[in-house]
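This report refers to the structure that appears directly beneath it.
The values are calculated or read from the model by the stated rules, or taken from the named source; none is laboratory data. Everything quoted here is computed from the prediction, not taken from an experiment. Here Cβ is always computed from backbone atoms with ideal geometry, including for glycine, and neighbour counts include all displayed protein chains. To get the accessible areas, we keep the full protein, side chains included, count just its heavy atoms, and leave off ligands, DNA and RNA. Shrake-Rupley method; radii C 1.70, N 1.55, O 1.52, S 1.80 Å.
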Amino acid sequence: FSSVELTKATFKRIAETDSKVEAFLSLNEEEALKQAEAADAKGYTEENILNGIPLGIKDNIVTDGLTTTAASRILEDFVPIYDATVVSKLKEAGAVNVGKLNMDEFAMGGSSETSYFKTTKNPWDLTKVPGGSSGGSAAAVASGEILGSLGTDTGGSIRQPAAFNGIVGMKPTYGRVSRYGLIAFASSLDQIGPFSRTVKDNALLLEAISGYDKKDSTSVKLEVPKFSANLNGKVAGMKVALPKEYFQEGVSAEIQEAVRKAAKQYEEMGAIIEEVTLPTLSYGIPAYYIIASSEASSNLQRFDGVRYGYRSENANTLEELYVNSRSEGFGLEVKRRIMLGTFSLSAGYYDAHFKKAGQIRTLIKRDFARIFNEYDFILGPTTTTTAYGLGEKSDNPLEMYMADLLTVSTNLAGLPAISVPGGFAANGMPIGIQLIGNYFEEEKLYQAAYAFE
Ligand code: GLN
């Protein structure tokens, strides 16, 4: 069938489903159909496998001519005049942009409930959260609206919603994918990555968006391997590290069980599983929340009511214009982060907080380096629980932050990590298994994830 047919079917599916799931913030129907026509005219070959495939984009990634809000009131009417590098790359590959996906405001959160516009629901159980911050990107794929999407991961925002929705989500190595055109949350942690149903689709998407970009000075000049080319399910002889810290009280018994089962499966496929220690695990959350909030407080200074988006109507002086635009434009969680970050960076507190967090970050990197000296990848859980009820944690930020235990350390270290479906809990909700690899070893992660799938 043609891309036009597929694209029409996609919008039909969205029309039937999205009033319940609420994954999309905006749809790009007219333009998408034009892109589909162009894709059909170009024709499908093995070389341009994404040609004509309908995909969705998280709403903190800028799209030329298409509203990009980062799910914030402050950017409610913001229409970018250029494409993010990942969006240009998908266009070059012939992919069809279906629309923009809901998220936590400025990607701050773990449930997509901090969005100013709507609350996305988990398609497996509409009373539960889809996870976050890329909740819309995950729910749209899990509900069968689209075949794949892009999300962003600063402290787990691709892997955690992938786990909650029973799909595949990859956070690439820091520097693998250009951040040009990504509305920055914490620049030293942010990475864009793909969501999909299968490991192979995920590998194809990462291939398309990866690579050096002169517009992002932190993108790395490295050949992009054909991640999808050698997927054959061979893991025999691979050495797999299983950190004992993952089997602690904070991680639900069902999830621990699923990880043990996964380890056994790898063993049966000929991999060598060994228990290791990861003593820095519990320092990840405090270090992450100080570093991420500090960088956010700096990055979000640009939203001043003058240059972008929302401007308060009730201001008589310049000072009032700044204060009121930001007070009215930002939501509660974003303000909390700006305050925490500004405090951590302020004179007199910098050494005790921001500097200390940086030192912990170094220890975390060393902890991983020690393991990767000997092992091919780390096996563990993605999340401490399965998807919880809507509203269950939204009044308790600390509890929300604690749920990031298993994902933030990889961002602090800059390592790649993938979440793959690993069965279901007794209540029917999906469980995610996380594989963490050494720098730029996404190919190995895909190989191992494909074997497990
Ligand atoms: N839940 C984490 C936070 O709130 C991670 C968010 C993300 O990765 N964007 O900061």
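The table below lists the values:
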{"item": "Verdict on V199 being over 12 Å from the mean Cα position of the chain (by Cα), open to solvent by less than 10 Å² (accessible area, probe 1.4 Å), within 13 Å of the ligand (Cβ to nearest atom) and β-branched (V, I, T)", "result": "no"}
{"item": "Answer from F164, F185 - the residue that is aromatic (F, W, Y), within 11 Å of the ligand (Cβ to nearest atom) and open to solvent by less than 10 Å² (accessible area, probe 1.4 Å)", "result": "F185"}
{"item": "Residue in segment 35-52 that is touching an Asp or Glu at 6+ places or on another chain (Cβ under 8 Å), farther than 24 Å from P123 by Cα, among the small types (G, A, S) and open to solvent by less than 80 Å² (accessible area, probe 1.4 Å) present", "result": "yes"}
{"item": "Segment 146-156: number of residues that are crowded, with 24+ Cβ neighbours inside 10 Å and either in contact with a Pro (Cβ under 9 Å, 6 or more places away or on another chain) or at positive phi (or both)", "result": "7"}
{"item": "Residue in segment 421-436 that is more than 14 Å from the ligand (Cβ to nearest atom), in contact (Cβ under 8 Å) with a residue 60 or more places away in the chain, crowded, with 20+ Cβ neighbours inside 10 Å and among the small types (G, A, S) present", "result": "yes"}
{"item": "Test: residue in segment 311-331 that is over 28 Å from S112 (Cα atoms), open to solvent by 40 Å² or more (accessible area, probe 1.4 Å), polar (S, T, N, Q) and at pLDDT below 95", "result": "yes"}
{"item": "Within segment 347-453, helices (runs of 4 or more DSSP H) holding 2 or more residues that are within 30 Å of S228 (Cα to Cα)", "result": "356-372, 408-413, 442-452"}
{"item": "Residue selected from segment 258-310 under the condition over 25 Å from T383 (Cα atoms), hydroxyl-bearing (S, T, Y) and more than 16 Å from the ligand (Cβ to nearest atom), by the criterion surrounded by the most Cβ atoms within 10 Å (Cβ to Cβ)", "result": "Y310"}
{"item": "Residue satisfying all of: in segment 113-134; under 22 Å from S187 (Cβ atoms) and either of a type in the set (A, V, I, L, M) or open to solvent by less than 10 Å² (accessible area, probe 1.4 Å) (or both); nearest to the ligand (Cβ to nearest atom) among these", "result": "S133"}
